[in-house]
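Below you'll find the structure, written out as structure tokens, and then a few comments.
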Amino acid sequence: MFKQLNNNNNNNNNNNNNNNKSNSDSDSNSNSNSNNNNNNKGRHDNVVRYIQWQLCAKCELQRANSWYEQKSEGVVESANFKILWDFTVQCDWKIEARRPDIVFVDKKEREVVIIVVAIPGDRVKDKEL
């Protein structure tokens with residue numbers, strides 16, 4: 001009877017430990033998700049910064065020596081070109097996604113190119129082989 005009681009207590013302790021473990025796992029998952037979001041946002045901004053840097057080079061606009069030194073300025077403009085970074089576009093009707101990453105305006109040709117960048121999340125877990 002004593003052994004059986006001990007086994008029941010051990011099972012209860014194991015269940016409590018498993019519950020605590022699952023709670024801590026979900027906490028760590030939520031922390032890792034927020035870290036992934038921060039990493040993805042940083043990677044996203046780096047890609048957009050590189051695109052802006054290249055556009056500035058092609059249009060002979062002022063730019064940094066290397067893409068990673070490029071400042072994310074809202075508006076870069078010359079007589080013929082304008083580059084808008086993370087700028088809200090006004091619309092006649094309500095559109096939720098109206099803030100593209102880059103809006104490239106060619107004033108001479110009267111053309112606009114809207115650039116939206118998507119960076120997929122990396123959710124690679126270690127697997128046993």
Between residue 66 and residue 97, with labels modelled 7 Å along Cα→Cβ, what's the label distance in nm to one decimal, could you check?
3.4
Residues with amide H under 5 Å of residue 80's amide H, sequence separation 5 or more or different chain, H placed in the peptide plane at 1.01 Å from N; which?
none
Cα-Cα over 29 Å, subset of 58/94; 71/94; 41/94
58/94; 71/94
In nanometres, what is the gap between the two model label sites at residue 119 and residue 45, each 7 Å from Cα along Cα-to-Cβ?
0.9
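Each value in this text was obtained by applying a stated rule to the coordinates, not by laboratory testing. Bear in mind the structure is a predicted one, so any value in this text is a computation, not a measurement. Glycine also receives a Cβ, built like all others from the backbone with ideal geometry; neighbour counts cover every protein chain displayed.
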